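This report refers to the structure that appears directly beneath it.
Readers should treat all values here as calculations from the given coordinates under stated rules, not as data from a laboratory. Because the structure is a prediction, the values reported are computed rather than measured. Counting neighbours? That spans all protein chains shown, and the Cβs are built from the backbone with ideal geometry, glycine included.
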Amino acid sequence: MALTQQRRADGSLRHLLTLEGLTRDEIESLLERAQHHVRRLGEPAPHSSALAGVTVANMFTEPSTRTRVSFELAAKRLGADVVNLEVQLSSRVKGESMLDTVFTLEALHVDVFVLRDAEQGVPAMVASHVAPHVSVLSAGEAHVSHPTQGLLDALTVLQHKKRCDGLAIAIVGDIRHSRVARSAACHALRTLGTTDIRIVAPEALMPDPAEFEGCARSTSIETGIEGADVVMMLRIQKERFANTTIPAGDDYFREFGLTAARLAKARPDAIVMHPQPMNRGVEIDGAVADGPRSVIRQQVTNGVAVRMAALEILAAPLAARKAR
Ligand code: NCD
């Protein structure tokens with residue numbers, strides 16, 4: 001799908017399939033809106049009726065804990081109706097196509113689809129077939145993109161560092177198969193001004209040379225995180241590849257795991273991030289994950305706020321129509 005197809009004729013965002021093509025102003029206003037919700041997350045629900053009358057469907061064909069639950073909470077906290085399709089228990093297993101399932105849900109007056117799929121191109125394909133008032137948000141597309149994760153990662157960095165430009169950000173682990181790394185490094189952080197982005201991975205988990213343009217590459221965690229302000233760790237996404245020449249479990253931890261000793265190479269005030277799910281003792285030491293520099297749980301909290309902001313911004317015209 002051409003990037004322009006994310007937008008309505010007036011240029012406003014209708015779908016969120018990728019962060020590619022979003023301007024700095026657009027990303028900043030999404031994050032400002034999210035920050036507004038962060039302050040309110042501790043308050044008793046419901047917080048808002050901004051999406052009253054709007055129906056949101058979560059359709060995830062890949063496992064998810066944080067993203068699915070936070071999209072559900074985000075929609076509910078905005079007053080929307082929410083349905084969670086258990087794809088494994090749906091008519092998809094009887095051979096119904098993705099589009100027939102989508103058209104069925106449209107006939108049930110679903111207005112917003114939140115989609116996670118292992119196949120590249122599915123969110124864009126659905127977006128190009130839905131009715132004009134309907135919005136599609138990607139909740140993770142294959143290894144390609146994970147726009148709301150990129151936004152919540154940027155929000156977390158901003159909360160701690162007050163800016164993204166001038167920072168050294170190291171992303172460490174299975175970059176090759178990571179939609180999180182692509183959305184954060186290639187779009188969110190770069191658009192917000194970060195120029196020193198390092199991708200740090202064993203050779204077998206490095207992306208193709210044409211990708212991650214402008215990012216420094218390192219196959220040593222010690223060198224890669226030296227002087228970094230932010231260290232973002234990634235899980236090895238075994239579900240995305242068969243052949244593995246990379247060391248398993250303990251061996252990987254010995255070569256690439258983030259320990260307190262290694263973290264000492266980063267700046268003294270460096271923060272540690274991880275999109276989760278994490279494998280303690282593989283890519284990260286449990287003590288570091290739970291330690292004072294870890295902002296991993298804050299990332300989760302920010303996920304709800306960012307998804308509230310995205311839902312509000314995309315569905316604003318629809319919500320206004322429903323309110324009339
Ligand atoms: C990630 C994903 O699904 O891409 N998780 C998430 O959404 N927070 C990362 C992963 O699965 O390793």
Taking Rh as the Kirkwood radius computed over C-alpha pairs, what is the Stokes-Einstein D of segment 147-296 at 20 °C in a medium of viscosity 1.002 mPa s, expressed in µm² per second? 143 µm²/s
Roughly how tilted is helix 147-161, in degrees to the nearest 10 and between 0 and 90, from the longest Cα axis of the chain? 50 degrees
Within segment 277-307, name every residue whose backbone N is under 13 Å away from a label modeled 7 Å from Cα of Arg24 along the Cβ vector. none
Which distance in nm do the two modelled labels at Thr245 and Ser49 give, with both placed 7 Å along the Cα-to-Cβ direction? 6.2 nm
Set Lys and Arg Cβ to +1 and Asp and Glu Cβ to -1, take the dipole of the chain about its Cα centre, and tell me which of Met232, Pro292, Ala264 lies farthest positive. Pro292
Derived scalar couplings ³J(HN,Hα) [segment 218-224; Karplus, 6.51 cos²θ - 1.76 cosθ + 1.60; whole Hz; x for Gly, Pro]: 9, 9, 10, 5, 4, 5, x
Looking only at Gly281, Gly79, Gly166, which one moves most when the chain is put into a Gaussian network model with springs between Cα atoms under 10 Å? Gly166
Stokes-Einstein D (µm²/s) once Rh is taken as the Kirkwood radius of the chain over alpha-carbon pairs, at 10 °C in 1.306 mPa s: 79 µm²/s
If you put +1 on each Lys and Arg Cβ and -1 on each Asp and Glu Cβ, how big is the dipole of segment 147-296 around its Cα centre, in Debye rounded to 20? 320 debye
If the reach is capped at under 17 angstrom between alpha carbons, list the aspartates and glutamates near Lys162, excluding any in the same chain fewer than eight residues apart. Asp25, Glu28, Glu32, Asp153, Asp196, Asp229, Asp269
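Which loop-located trypsin sites (Lys or Arg not before Pro) does segment 140-249 contain, where loop means any DSSP state but H, G, I, E or B and the Cβ has at most 16 other Cβ atoms within 10 Å? Don't skip to the answer; put the middle values down first.
Working: sites: Lys161, Lys162, Arg163, Arg176, Arg179, Arg182, Arg190, Arg198, Arg217, Arg235, Lys238, Arg240; in loops: Lys162, Arg163, Arg176, Arg235.
Sparse-neighbourhood loop trypsin sites (Lys or Arg not before Pro): Lys162, Arg163.
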Relative contact order (percent, whole number), the chain, Cα cutoff 8 Å, 6+ residue spacing: 21 percent
Lysines with Cα under 19 Å of Lys265, excluding same-chain neighbours fewer than 8 positions away: Lys161
Compute, for segment 52-153, the length of the dipole vector about the Cα centre, with Cβ point charges of +1 (Lys, Arg) and -1 (Asp, Glu) only. Units Debye, rounded to 20. 240 debye
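Order the peptides 297-310, 15-28 from the highest to the lowest mean number of other Cβ atoms within 10 Å of their residues. Walk me through the numbers before you get to the answer.
Working: 297-310: 23.1, 15-28: 18.6.
Averaged packing, sorted descending, gives the order 297-310, 15-28.
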Under a straight-distance cross-link criterion of Cα-Cα below 26 Å, which lysines are reachable from Lys322, leaving out those fewer than 8 residues away in the same chain? Lys76
Options Leu41, Leu16, Cys164, ranked by Cα towards positive dipole end of the chain, top entry (Cβ charges): Leu41
Total charge dipole magnitude, the chain, about the Cα centre, Cβ charges on Lys, Arg, Asp, Glu only, Debye to nearest 20: 780 debye
